[in-house]
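The values are calculated or read from the model by the stated rules, or taken from the named source; none is laboratory data. These numbers come from a predicted model, not from an experiment. Every residue, glycine among them, receives a Cβ derived from its backbone with ideal geometry; neighbour counts consider all protein chains shown. The accessibility values were calculated without ligands, DNA or RNA, using every heavy atom of the protein model including side chains. Shrake-Rupley method; radii C 1.70, N 1.55, O 1.52, S 1.80 Å.
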Amino acid sequence: MDMAPRGSIRIVVAAADVASLEATTRVLALAGYEVIPATSGPEALDVLRAQRPTLAIIAADGANDGAAQIVRGIKAASDLEDVSVMLLLPRDGGWDGSDQSFDADGYLTHAITERELVARVRAQVRQAELTRELRASVAERDRAVESLRASEARFRAMANSMPQLAWIASPQGEVHWYNPVSYTHLTLPTSDLV
């Protein structure tokens, strides 16, 4: 099993079955992750909000109702949008994949090997990190676009209010814009006013 440290990557593992919770927690802790166990849905949501983990692994029981509620709760909470969710499915195949209401980011089964568990978790953590980076990049781009729009509006207001003639032309001499004073002094048709 890969024992490379994972830094301070937190993973919440929620399972009602104590043996499953302990086994999953042990394997991930040995792989270098900081693992926070939870034994109920409400406890899992409280821990998620308090600890801000990168990943939550939710164990589904045979009925799947509790796990579905937890996953829906995580996905509905705007303060948990950065938490990636993996659903740990029952060993007996009690979930057939037809219930799409889980909306988890990844799926595991109890019949998984320790090596595969760590590999799948590593991949899911990397995907969560990339998603966070992408969201941050999009937010930064949105701020830059808004800043550019505000700067353009200030420039346009300044150019439109100055008493001198002003225009924008291409290198070939095609005029793309005149300020309003230019229309008065050059007797340009106001239909050309941009």
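Starting from the Cα-Cα distance between D82 and L148, subtract it from 0.36 nm times their residue separation and give me the gain in nm to one decimal.
Values: separation 66, 0.36 × 66 = 23.76 nm, distance 2.80 nm.
Net length gain for the segment: 21.0 nm.
Taking a spot 7 Å from the Cα of S40 along the direction of its beta carbon, which residues of the range 13-34 have an amide N less than 14 Å from it?
15-17, by backbone N distance to the label point.
Considering only protein heavy atoms, what is the solvent-accessible area of L45 at a probe of 1.4 Å, reported in Å² to the nearest 10?
40 Å²
With every protein chain present, what accessible area does H176 have (1.4 Å probe, heavy atoms only), rounded to the nearest 10 Å²?
Probe radius 1.4 Å; accessible area of H176 about 110 Å².
Please work out the Cα center distance from the range 31-52 to the range 130-146, rounded to the nearest Å.
28 Å
In nm, to one decimal, how far is the R135 label point from the E174 one, both placed 7 Å along Cα→Cβ?
Using points 7 Å along Cα→Cβ, the separation is 4.4 nm.
With all protein chains present, calculate the accessible area of Y178 using a 1.4 Å probe and round the result to the nearest 10 Å².
50 Å²
Which order do the peptides 109-119, 151-161 come out in when sorted by mean C-beta neighbours inside 10 angstrom, highest first?
With the highest mean Cβ count within 10 Å placed first, the list reads 109-119, 151-161.
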